[in-house]
Structure formats: C-alpha cells, structure tokens
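Enquirer: Quick one: the structure is below, questions incoming.
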Amino acid sequence: MKTQTTSSAPALKKALKPVHIWAIAVGLVISGEYFGWNYGWGVAGTVGFLAATLLITVLYITFIFSFTELTAAIPHAGGPFAYAFRALGPGAALVAGYATLIEFLFAAPAIAFALGSYVHFLYPSLPVLATAVVCYVFFTGINLLGIKESAAISLIVTLLAVGELLLYMGIIAPSFKMNNFLQDGLPAGWVGVFAALPFALWLYVCIEGVAMVAEEVRDIKKDIPKGYISGILTLTLLALGVMILTGGIGNWKALSGIDYPLPESIAMVLGKEASLTKLFAGIGLFGLIASFHSIIISYSRQIFALARSRYLPSFLSGVHKKTKTPHWALLIGGLAGVVALYYFDTSKLVILSTLGAVVMYIISMVSLFVLRKKEPHLYRPFKAPLYPYFPAIALTLSVVALLSIVYYYTFLSFLFFWRPGFCFPLFFISGRHKQQVSADASFTQINSIAQSVSEA
C-alpha cells in the first residue's frame, strides 16, 4: 500500500557529492584545531589533555561509524531529531532537536569570536566583537545563495585549511621538545582529565552536522559513508598532530587562554614580526571560515526541520523559491548567534556547545539500539561495524563526558537544562506530542521509501 505524501512539503535541492560531504564534515570541525582546545591545557595540562583527547577520539571514531548507519538509513534534515522521532517518539525528538540546535547555535558564535580575534591579531585597530558580527552578516548572506554554491565554497576553504595545518606542523615540528610538552603536564592530577573533556570534544564537535544535509545528497547509500569516514580519519590525524606538536615548542601555559594559539605558536618559533608569522595568521582565517560557514549550513537545516515538524514556528520552514534555501532559518539562526556574542565568552560557548553534543550523542546511540530491535528490516545502506560494541562504547563515553561537564560546569549545565526541564512537561500536558506524529510529511515519505526498499 502506497503512503500518500503532502506535495506542499518544502523540498531541498539534491546537489552534494562525496567530496562535498567530506568538505562539510571536515569544515564543520576544523576550526577546533585552530582554537578552543587549548583551554583544556588550562585545566588539565598537556599530558592530562592528551589523555582526554585520546579518550574523546575513541568516542568519536566509534560514534561516527555508528551514527553513519542512522544517517544513511534515515536521510532527513533534522538528523538526530529524526532518528529519535522514529525510534523513541516525539518527546525524545524534542530533546534531541533542542540539544543539536544548542550545539550548533553556540558553536557558531565561538568561532565568530575566534575570527574576530585572528583579525584583531593582524589589525589591532579592528575590534573583536564588531568583526564577529560582520562575519555573521557576510556568511549568512553567502548561505542564502544556495546549497551548491555554499558547498563549493566549503570545499575550497576546507582544502586551504587542511593544507595550512599541514604547513603549520611542518614549521613547528623542528622546534618540538618532549621536555617542553611534559613540563608540569599534569598540574591537576588525573582528575583534570575529566574537567578537560569538553575542550577535547571541541576538536571533533559538530562533525555529525553532515546529517543535516542528508536530504541534499545525490546518492545516500554511497556518498554519506564515504564522506563521514574519510572526514573523521582526516580530523583525527590533524587534531593529534597539532595538539602534540604545539605543546612541545615552548611554554604551553602562554597559549592556554587565548583564541589564536596557532599564530602565537608560529610567533614563538619564528618571531612575531616575521613575515611568515603574519602570513600564517592571515591564511589561518580559512580554517575558521570553513567551520563557521559549514555550521551555518547545519544549524539552519536543523531549525528548518524542527519548524517543518512544528516544534518551532512553522514560518521557519520556509524555502526560498529561487535558491531552495531555508532563508528564514538562516536569518533567525544568525540573529540568535549575534545575541550570544554579547552574553558569553569563548570558553563558555565551547562548553555549552559540547554539552548539547553529548546529550544528542546519547539519544542517537539509544535510538540506534532501539531501531535495531524495533525495525530489524529497515533498509540500512551502511551498518555500524562491530555492533553492538562500537555504539556501546560511544554511548558509555558520552555518558561519562556528560557527567563530567555537569560536575565541573554546574551553572552552565543549569542554563542548558532549565529550558527543556520547563518545556518538556508542558509539551505532554498540552497534548502537543500527539500532534507531531502526523505533522511532518517528510517523515511519512522517508518511512514509505525505507519500507518499499526493504520489501523489494
């Protein structure tokens, strides 16, 4: 029996190839290698933060290999929100959608601050905050042009960013000394490892944003796994290389509290007035631009998907007739990010973003387990390897990370949880959860396609 769909449901343009997916996956995250992670040195030292990074690297490798199964099986702009909806129902979808939205909405202003700081490093007369706001306006405008144009820009700046990090490691590697890296490397003891987890998460956070463009991928079965897996391998090598080499070039404590550790590291090696130092700071903007641009793509699709399913005001699901982009979601998401710039500093934005991430990871892995039992015949173009061990490891480490963040950053955790804690009961009391099951025609369409392929 064929399921009818609503023809008026907003549609996104299918234009993405594997190279675009890799570029978006790496581009979403690569700014994490440029700044933010170094705050982990401030709470754990170099050795403590290395331990935290290795732990989180295991989390992300097992998570991405598991998460790819969900993305390929349920290609939906809502990503984790859609997986939770199908596996656990509207209530879990509400929490997953909220967590994902917080992750991306707060990651963007953190990167905007870093962009402002890099520009200020080059031109001290330009204020950090004003530059960050201008970046929001400019890149939101680019994303309004269309997904194909946005993805092409992501590919170019991501390739430049990867090339720059390789150049950076080549420049500082001769100055690396193990004694520098180990000097006071565990100032808070092994307890500091847990306090550093959100900053280790920052090295990889947002890579799952590829799921938000799944509806715009040409070949889900082949392209999503290729893009995700090549992306996480690229990022793992870059993260460990940058973090270890930077810690051994001199006094790492001087780098543990600034938004531009890489230009400062080059300055420590070559001198601040060296032409290469200034050149590196200038092209260093590419890494930040790659992430900022890609995250705008992701949070706008998340807002679009939540609005399309009536978890947010329905006008936010509007798609521009000419460019086929979710224009209202882009504009409102950008406005929310600008407001966040005025209320939080970089380290707080990083913590809030990673807190949203680990909550979403937990719900996604639970959804994977539930769907394996609930819908064993669901068409899965890609299956998580070493199931159930990989998703179990990802779930366990995500819970550890969540408990650590709540323990060490209690006030920020309260800010994160109070809103769903207030809205969740109202969601059920009002009977809103009963309306969501048939609210989104896109879910019906995806279910119908998956069912027909499975039967075939």
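Enquirer: How big, in percent, is the set of alpha carbon pairs in segment 21-66 lying more than 14 Å apart?
Expert: On the way: 646 of 1035 pairs.
Percentage above 14 Å: 62.
Enquirer: Might you report the magnitude of the Cβ-based charge dipole of segment 216-350 about its Cα centre, with Lys and Arg at +1 and Asp and Glu at -1, to the nearest 20 debye? Each step should come with its number before you reach the end.
Expert: Values: 14 positive and 7 negative charges, 144 e Å.
Here segment 216-350 has a charge dipole of around 680 debye.
Enquirer: Counting only heavy atoms of protein chains, what accessible area per residue, in Å², does segment 294-429 have with a probe of 1.4 Å? Walk me through the numbers on the way to the answer.
Expert: Working: 6300 Å² over 136 residues.
Result: 46 Å² per residue.
Enquirer: Okay, moving on. For segment 193-200, in order, what is each residue's ³J(HN,Hα) by Karplus, 6.51 cos²θ - 1.76 cosθ + 1.60 with θ = phi - 60°, in whole Hz (x at glycine and Pro)?
Expert: Once θ is set to phi - 60°, the couplings for segment 193-200 become 4, 6, 5, 8, 4, x, 7, 6 Hz.
Enquirer: Follow-up. How many nm is it between the label spots at residue 218 and residue 142, if each spot is 7 Å from the Cα in line with the beta carbon?
Expert: Those two pseudo-labels are separated by 2.3 nm.
Enquirer: Classify segment 59-148 as rounded, prolate or oblate, taking a ≥ b ≥ c as the square roots of the eigenvalues of its Cα gyration tensor: rounded when a/c is under 1.5, otherwise prolate if a/b is larger than b/c and oblate if not. Mind dumping the intermediate values first?
Expert: On the way: a/c = 2.60, a/b = 2.34, b/c = 1.11.
Prolate.
Enquirer: Can you list the HN-Hα couplings for segment 336-353, worked out from phi with the Karplus curve (6.51, -1.76, 1.60; θ = phi - 60°), rounded to whole Hz and with x for Gly and Pro?
Expert: After applying 6.51 cos²θ - 1.76 cosθ + 1.60, I find 4, x, 4, 4, 4, 4, 8, 10, 9, 8, 4, 4, 5, 5, 4, 5, 5, 5 Hz.
Enquirer: Something else: Express the carbon and sulfur contribution to the solvent-accessible surface of segment 287-387 as a percent, rounded to the nearest whole number, probe 1.4 angstrom.
Expert: Details: 2430 of 3730 Å².
On segment 287-387, the fraction of accessible area on carbon and sulfur atoms equals 65 percent.
Enquirer: Please label the shape of segment 159-256 as rounded, prolate or oblate, based on the square roots a ≥ b ≥ c of the eigenvalues of the alpha-carbon gyration tensor (a/c under 1.5 means rounded; beyond that, a/b larger than b/c means prolate, else oblate). Numbers along the way, then the final one.
Expert: On the way: a/c = 3.56, a/b = 1.81, b/c = 1.97.
Oblate.
Enquirer: Go ahead and run the numbers for FRET between residue 58 and residue 156, Cβ-Cβ distance against an R0 of 25 Å, rounding to 0.05.
Expert: Working from the Cβ atoms, E equals 0.20.
Enquirer: Further question on the same structure: Between residue 273 and residue 320, how many nm apart are label points set 7 Å from Cα along the C-beta direction?
Expert: About 4.7 nm, to one decimal.
Enquirer: Let me ask something additional. Rounded, prolate or oblate for segment 250-384? Axes are the square roots of the Cα gyration tensor eigenvalues, ordered a ≥ b ≥ c, and the cut-off for rounded is a/c under 1.5. Please list the in-between numbers first.
Expert: Numbers: a/c = 2.36, a/b = 1.68, b/c = 1.40.
Since a/c reaches 1.5 and a/b is larger than b/c, the shape of segment 250-384 is classed as prolate.
Enquirer: Of 346, 384, 359, which is farthest along the charge dipole of segment 311-418 in the positive direction, counting Lys and Arg as +1 and Asp and Glu as -1 at C-beta?
Expert: Among 346, 384, 359, the one farthest towards the positive end of the dipole of segment 311-418 is 384.
Enquirer: Can you tell me which of 167-176, 31-40 comes out highest on packing, and rank the rest after it, using the mean Cβ neighbours within 10 Å?
Expert: Details: 167-176: 15.8, 31-40: 27.1.
The peptides rank, most packed first, as 31-40, 167-176.
Enquirer: Then there is this: Can you figure out the FRET efficiency of residue 134 with residue 377, using R₀ = 41 Å and their beta-carbon distance, to the nearest 0.05?
Expert: On the way: r = 51 Å, r/R0 = 1.25.
It comes out at approximately 0.20.
Enquirer: Could you list which residues have their amide H under 5 Å from that of residue 16, counting only those 5 or more apart in sequence or on another chain, with H placed in the peptide plane?
Expert: 217, 218
Enquirer: Next question. Out of the total accessible area of segment 75-212 (probe 1.4 Å, heavy atoms of protein only), what percent is carbon and sulfur?
Expert: Working: 3420 of 4550 Å².
Percent of accessible area from carbon and sulfur atoms in segment 75-212: 75.
Enquirer: Suppose R0 equals 22 Å. What FRET efficiency, 1/(1 + (r/R0)^6) with r the Cβ-Cβ distance, do residue 233 and residue 167 give to the nearest 0.05?
Expert: Numbers: r = 20 Å, r/R0 = 0.90.
Plugging the Cβ-Cβ distance into 1/(1 + (r/R0)^6) gives 0.65.
Enquirer: Next up: Give me the extension gain from residue 415 to residue 178: residue separation times 0.36 nm, minus the current Cα-Cα distance, reported in nm with one decimal.
Expert: Value of the extension gain: 81.3 nm.
Enquirer: Restricting to Cα pairs below 8 Å that are 6+ residues apart, what does the relative contact order work out to for segment 103-212? Please round to a whole percent. Don't skip to the answer; put the middle values down first.
Expert: On the way: 31 pairs, mean separation 19.4, N = 110.
That works out to 18 percent.
Enquirer: Please give the net charge around residue 114, taking every other residue with its beta carbon less than 13 angstrom from that of residue 114, where Lys and Arg add +1 and Asp and Glu add -1. Walk me through the intermediate numbers first.
Expert: Values: positive: none; negative: 33, 259, 264, 345.
Value of the local net charge: -4.
The values are calculated or read from the model by the stated rules, or taken from the named source; none is laboratory data. Computed from a prediction, not measured in an experiment: that's the story for all the values here. So basically every Cβ, Gly included, is an ideal-geometry build from the backbone, and we count neighbours across all protein chains shown. Ligands, DNA and RNA are excluded from the accessible area calculation, which covers all protein heavy atoms including side chains. Shrake-Rupley method; radii C 1.70, N 1.55, O 1.52, S 1.80 Å.
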